[in-house]
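Trainee: Pasting a structure below so you can have a look.
The values are calculated or read from the model by the stated rules, or taken from the named source; none is laboratory data. On a predicted model such as this, the values are computed, not experimentally measured, just so you know. Here the Cβ positions follow ideal geometry from the backbone for every residue, glycine too, while neighbour counts run over all protein chains shown. Keep in mind that these areas ignore ligands, DNA and RNA; they rest on the heavy atoms of the full protein, side chains included. Shrake-Rupley method; radii C 1.70, N 1.55, O 1.52, S 1.80 Å.
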Amino acid sequence: MIKEFKEFISRGNVLDLAVGVIIGSAFTSIVKALVNYLINPLIGLCVGGIDFSDWSFKVFDATFKIGSFVNSVINFLIIAFVVFLIVKFVNKLMPKKEEEEEEVIPDNTELYLKEIRDALVNKSDSSTFNNEEPNK
């Protein structure tokens, strides 16, 4: 069991995933700080100095924090945009793999139709070559 676990951990994909998760969580905290301390105040200036991060309303004992939801949406959009830019940048750097077209093996029907087509083309070419009118 320990041997299997060691093989599992030593795979490249697992390590890459672990690194991605750690960097992603660190990046998320940076984006949250960007939204909370830079973007929200700018949006507040545009809407007349209102800090919407504290917006909430109550229905009976339940509190709905609309401002927190707006912050989360802004965080998501920024993270999604940055990931999009990173993927686009990496795709430009990586050489494109030329996709090899698989040779399609035609079935019997296609082969017969091609033979008929070729026979008709040959018949048409020979009648044109002999200056004969094709049969109508």
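Trainee: With every protein chain left in place and a probe of 1.4 Å, what is the accessible surface of residue 68, to the nearest 10 Å²?
Mentor: Answer for residue 68: close to 50 Å² accessible.
Trainee: For the stretch 19-120, compute Rg over Rh where Rg is the Cα radius of gyration and Rh is the Kirkwood radius from the inverse mean 1/r over Cα pairs. If you can, show how the numbers build up before the last one.
Mentor: Numbers: Rg = 27.7 Å, Rh = 19.1 Å.
Rg/Rh for the stretch 19-120 comes to 1.45.
Trainee: Further question on the same structure: Would you mind putting 32-43, 15-26 in packing order, based on average other-beta-carbon counts within 10 Å, highest first?
Mentor: Ranked by mean Cβ neighbours within 10 Å, highest first: 32-43, 15-26.
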